[in-house]
1. Anything in segment A:322-334 that is more than 8 Å from chain B (Cβ to nearest Cβ), in contact (Cβ under 8 Å) with a residue 40 or more places away in the chain and assigned to a strand (DSSP E or B)? List them, or say none.
2. Kindly indicate whether A:F64 is away from chain B (no Cβ under 11 Å) and either over 19 Å from A:D88 (Cα atoms) or aromatic (F, W, Y) (or both).
3. Within segment B:396-408, how many residues turn out to be open to solvent by 50 Å² or more (accessible area, probe 1.4 Å) and at pLDDT 95 or above?
4. Can you pull out every residue in segment A:6-21 that is more than 7 Å from chain B (Cβ to nearest Cβ) and at pLDDT below 95?
5. Go through segment B:22-32 residue by residue and tally those that are facing chain A (nearest Cβ under 7 Å) and within 13 Å of B:T82 (Cα to Cα).
6. Yes or no: B:I154 more than 7 Å from every other protein chain (Cβ to nearest Cβ) and under 20 Å from A:A20 (Cβ atoms)?
7. When you scan segment A:305-321, do you find a residue that is within 8 Å of another protein chain (Cβ to nearest Cβ) and in a strand (DSSP E or B), even just one?
8. Return only the number of the condition from (1) β-branched (V, I, T); (2) within 12 Å of another protein chain (Cβ to nearest Cβ); (3) open to solvent by less than 10 Å² (accessible area, probe 1.4 Å) that B:I59 does not satisfy.
Protein chains: 2
Amino acid sequence: MNSFAPALLTDQYELTMVSAALKDGTAGRPCVFEVFARRLPGGRRYGVVAGTGRLVELIRDFRFSEAEVGFLREAGIVDETTAAWLRDYRFSGDIDGYAEGELFFPGSPIMTVSGTFAECVVLETLILSVLNHDSAIASAAARMVTAARGRPIIEMGSRRTHEDSAVAAARAAYLAGFASTSNLAAGARYGIPTTGTSAHAFTLLHDDEPAAFASQVAALGKNTTLLVDTYDIAQGIRNAIAVAGPDLRAVRIDSGDLSVLAQHSRELLDSLGATETKIVVSGDMDEYAIAALAAEPVDMYGAGTAVVTGSGAPTAGLVYKLVEVEGRPVVKRSENKATVGGRKTAVRRHKPTGTATEEIIVSQGVPDHEPNDRLLQRPIVAAGEIVEQPALRESREHLRQCLISIPWEGLKLSAGDPAIPVTIVGVP
Amino acid sequence: MNSFAPALLTDQYELTMVSAALKDGTAGRPCVFEVFARRLPGGRRYGVVAGTGRLVELIRDFRFSEAEVGFLREAGIVDETTAAWLRDYRFSGDIDGYAEGELFFPGSPIMTVSGTFAECVVLETLILSVLNHDSAIASAAARMVTAARGRPIIEMGSRRTHEDSAVAAARAAYLAGFASTSNLAAGARYGIPTTGTSAHAFTLLHDDEPAAFASQVAALGKNTTLLVDTYDIAQGIRNAIAVAGPDLRAVRIDSGDLSVLAQHSRELLDSLGATETKIVVSGDMDEYAIAALAAEPVDMYGAGTAVVTGSGAPTAGLVYKLVEVEGRPVVKRSENKATVGGRKTAVRRHKPTGTATEEIIVSQGVPDHEPNDRLLQRPIVAAGEIVEQPALRESREHLRQCLISIPWEGLKLSAGDPAIPVTIVGVP
């Protein structure tokens, strides 16, 4: 097994801070930490909250067993008082946050963690790791889904990212509207539809291409996808239809000028009577490559590297900041980043038609209520107990609705401002 | 636990290929697969092989338990013949490869997997996930180490990547020469030195900065690092020395114009008699930011986002290709990528001084032997048994030696050609 107990997926300074705070009596001070992004990466117009569904389970299981405490003691990282505190650790505070699948913008308080300083500070790394990774993938994937204009996209990037990230990436891509994944663990763990038929190696293994196609059809039936670009694509398509007949489900093209190849392949398939045979394209697909194929006779996309690496933005840039201590707002001063202290409340304002117009965030207060406002934060954990664990399909539907609600400019792939303005009202 | 059995960290098409190959009798054909990169990302001059140490354990544990086979059967992904084959699965072939910590260039056959088609093809995703991730991190980290010119670098990027990737990233960064990590699981799992003291939250928690510093020194002693940029840096340094005295180990600055701040901080520390107090800088450190601080009085760097995301290249671009079937070389033809079929043998050629001059790769043969040639491939797994599991510290030392051996131009950060030319001699 390739796994770690969640409690050690932590930066050492969290435990040294707990250690010092236990000693000086500040460990129990009531605190509020917030997760937000200072900016969106590279002109993106929105971010997508993802990972909450995975995170709540990890927080529930965040305990320091004797093995972990033993390591920390032996390494001299914590003293015995802290070790005793860690043995008893169990998060007993509250977590509120944006729904999984919700959009976020610079400053959106997507997660608010409140409790004692010590119990909240030790969750920093785990919360950020999960949300930064999954949100980065979902944010990139959502743009691909928009670019695909309703055509299904298969996530097939497992090989391009860490083996466990791959499973989370498949989840985040599905949340964002991908149709399926090649990753079997994601199918087993999250019930995501899985797909996959064959690689070039399968054709190369056989004495010739027709032999490979015949073998695949014999094993998987005609409702399969034959990969036709191992040698010559036109000949590959002829071989595919000769072997499978005109009711073959699909052919896949993984290389070359996909725009031209899709057109030629469609014409050839039609001329062979295979008018219902789909064309799947893959190979270096990102949101721009997908958009560029919008007018071509492509039926399905396979996306790999770009989606699992966040298409240029592999991390969402989320931070976890202490904003309130014993009811008073706190903020780091020496930065020229406009951070506002205090617990925030956020609403999204909409036109009567349902189109979002603005996000209003108020520190230590509540925005004036207007009709069509939507309160963005909801309880996730209360007094240490999970209130609501997001279900993947609900998060997926939530995002779909959110993307319908933003102004159409917000869906453009080009670099620009956030889809809606964000107003943060600070404490006086 | 946040873990998956290695066998499901797999793309579905590997199992459908096995299924078809079992049916048509080709599953047992002796095959050779190779891992290589077609190019280095964005003008990089070398790549670093990393992940082998993790991979051999995962391959050893790559078995399909009843739970996994049950999922595959229920989901209709494999038939009963394939299920039976999976239940008995155990890799019994050979794996040869470049040493962990070795440099690689376009076309370098960094791993060669041989055995039956079926037993080799199911390892594709796992091998690529591990090597692509870890090599991407190590390749970026090595450039940072070069840029730091002997000053230590702390890896502190866990929060910016998937929680399990974070542990592997800490390992890869240490392999590349980083001094330590903030990640506790990496300390526990791989024995990497861990470090960490406090965040801005710790200062904000307290009534004022001197109270926070006093608490930290009381808990951790003077051999600690005080974070001085929560409010005003100059005042922070005065507070730090007032509290800890001039034999404070270090101060850390995490924001602002680090070049100017390092100079001012050094002058101020010296004027306060703290001439031995070190200056640690962190915040958006990549290889270029580190290089830009070479002339400044910085003693240590903290690197986060850039290292765990591969500094612009989050995946190493490694592919796993079938190159030989029953002794005959095979190659996908329709691509304009110059791929050469056949099992390759690679040597690195050196001047008598030890400087590398060229990498020679021969398909289905062995390069002419010259004095100072170094054979790059070594046995990793033989007949399914681990021959040699790379030890992290040895891999680290191996890389250090390799970086000494390449021409100095190869260490430049600017975009350029690979550090040494690669000659691939194909079959006629």
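The values are calculated or read from the model by the stated rules, or taken from the named source; none is laboratory data. This structure is a prediction, so every number in the text was calculated from the model and none was measured. Cβ coordinates were reconstructed from backbone atoms using ideal geometry, including for glycine residues, and neighbour counts include every protein chain displayed. To get the accessible areas, we keep the full protein, side chains included, count just its heavy atoms, and leave off ligands, DNA and RNA. Shrake-Rupley method; radii C 1.70, N 1.55, O 1.52, S 1.80 Å.
1. Keep residues of segment A:322-334 that are more than 8 Å from chain B (Cβ to nearest Cβ), which gives A:323-324, A:326-329.
Narrowing further to those that are in contact (Cβ under 8 Å) with a residue 40 or more places away in the chain: A:323-324, A:326-327, A:329.
If the condition is that a residue be more than 8 Å from chain B (Cβ to nearest Cβ), in contact (Cβ under 8 Å) with a residue 40 or more places away in the chain and assigned to a strand (DSSP E or B), then A:V323, A:E324, A:P329 are the ones that fit.
2. On the way: away from chain B (no Cβ under 11 Å): no; either over 19 Å from A:D88 (Cα atoms) or aromatic (F, W, Y) (or both): yes.
So A:F64 fails the test.
3. Step one: list which residues in segment B:396-408 are open to solvent by 50 Å² or more (accessible area, probe 1.4 Å), which gives B:396-397, B:400-401, B:404, B:408.
Checking the rest, the ones that are also at pLDDT 95 or above come to B:396-397, B:400-401, B:404.
Result for segment B:396-408: 5.
4. Of everything in segment A:6-21, just one residue is more than 7 Å from chain B (Cβ to nearest Cβ) and at pLDDT below 95, namely A:A7.
5. Residues in segment B:22-32 being facing chain A (nearest Cβ under 7 Å) and within 13 Å of B:T82 (Cα to Cα): 2 in total.
6. Numbers: more than 7 Å from every other protein chain (Cβ to nearest Cβ): yes; under 20 Å from A:A20 (Cβ atoms): yes.
Here the answer is yes, as B:I154 does meet what is asked.
7. There is at least one residue in segment A:305-321 that is within 8 Å of another protein chain (Cβ to nearest Cβ) and in a strand (DSSP E or B).
8. Checking B:I59 against (1) β-branched (V, I, T); (2) within 12 Å of another protein chain (Cβ to nearest Cβ); (3) open to solvent by less than 10 Å² (accessible area, probe 1.4 Å), the one that fails is (3).
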